[in-house]
């Protein structure tokens, strides 16, 4: 990263306090640093954020460094209530693209496939259809990130749930969120 003049220290600290008060209390210094740069327009170095967080919340820093923070509780109503779908790109430079899905209730792996691509919507849709056929069941909801590889899964889910009634039919049967929040 090229050298840029940091925002004033007072502005940085005030923005950290403000963000922690809003909803970002559990962010570590790297996540807070990314948030400040991308969402708040603050120019700041990681080291500055680390020092500021350590000064403002030494106990939280200690707990995060020991991985003792409590993760939020996740509860799914029943099996096949929600499927979480996502890809893993870290091994792509080596020619391995991974895609998988889990049942949110049991955390059972529904599919975990490695191949040359996890970006092709047709390939991902085949994984989904094979899983649905094998289970002989349709989840009430599917959750994924906003990636283009999930558009056919969304269309399949919406089409299959269009025959059901209630608050989880049609468009309500597919939800999009950040991969980091996927269970």
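Just so you know, all these numbers are worked out from the coordinates, no wet-lab data involved. In this text, all values refer to a predicted model and were calculated from it rather than measured experimentally. Cβ placement follows ideal geometry from the backbone for every residue including glycine, while neighbour counts extend to all protein chains displayed.
Values for this structure:
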item	result
Principal-axis tilt of helix 9-22 within the chain, Cα atoms, nearest 10 degrees	40 degrees
Selected from 67, 150, 120 as most flexible by GNM, with the chain as the system and alpha-carbon contacts under 10 Å	67
0 to 90° range, to nearest 10: angle between helix 29-40 axis and the chain longest Cα axis	90 degrees
Additional length obtainable on full extension of the chain from residue 165 to residue 63, 0.36 nm per residue less Cα span	32.2 nm
Acute angle (nearest 10 degrees) that the helix 46-56 long axis makes with the longest principal axis of the chain, alpha-carbon atoms	80 degrees
Cβ crowding within 10 Å averaged over residues, with 160-166, 141-147 ranked highest first	141-147, 160-166
The range 109-166 versus the range 1-63: alpha-carbon centroid distance in Å	38 Å
